[in-house]
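Let me begin by presenting the structure, written as structure tokens, before commenting on it.
What follows is calculated from the coordinates using simple rules that are stated; it is not laboratory data. If you're wondering where the values come from, they're calculated on a predicted model, not measured in any experiment. With ideal geometry, Cβ positions are generated from the backbone for all residues, glycine too; neighbour counts draw on all protein chains shown.
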Amino acid sequence: MELGNNYVKRTQKDYSLHFKIQLVKEIEAGELSISAARKKYGIQGYHTVKQWLQKYGNFDWENQTPSNMPKSPEQRIMELEAKVKLLEKQKAQLERQNYISDQKSIIFDMMIDIAEKEYKIDIRKNAPSEQSGNTQPKKKKA
């Protein structure tokens with residue numbers, strides 16, 4: 001059965017550990033049901049989400065009670081590694097955005113320099129920081 005050009009068969013390996021843990025937290029916090037989470041994130045299988053809940057959640061599936069057992073060191077390390085990867089990715093994105101902003105600023109300065117030279121006008125004004133003509137200090141309201 002073909003579902004059209006948009007259908008993509010996924011496996012659990014297609015989802016990051018960080019994503020799985022975040023989804024489990026949302027479900028356990030009562031923000032989403034399993035069905036709602038599947039719809040929101042486009043997850044095809046009910047059992048996929050259930051396996052994540054069993055693997056990463058704080059619920060004792062054998063006794064059907066919330067588990068207060070601390071996570072294993074391996075589990076904690078995996079969570080922290082996922083967080084580190086996410087933060088590194090976010091840092092790289094921010095650094096890229098900063099680089100692009102710096103480049104735009106340089107280009108805009110060059111364009112202003114060219115316009116000032118070409119049209120013999122001062123675009124950059126050496127005005128005080130307040131744009132209004134009033135140079136009197138503002139009085140605070142009581």
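The figures follow:
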{"item": "Of K20/K83; K40/K71; K20/K50, those spanning more than 19 Å from alpha-carbon to alpha-carbon", "result": "K40/K71"}
{"item": "Cβ-placed point charges (K, R +1; D, E -1), dipole of segment 71-121 about Cα centre in debye, nearest 20", "result": "280 debye"}
{"item": "Top positive-direction residue, dipole computed over segment 71-121 with Cβ charges, set S72, A115, Q90", "result": "S72"}
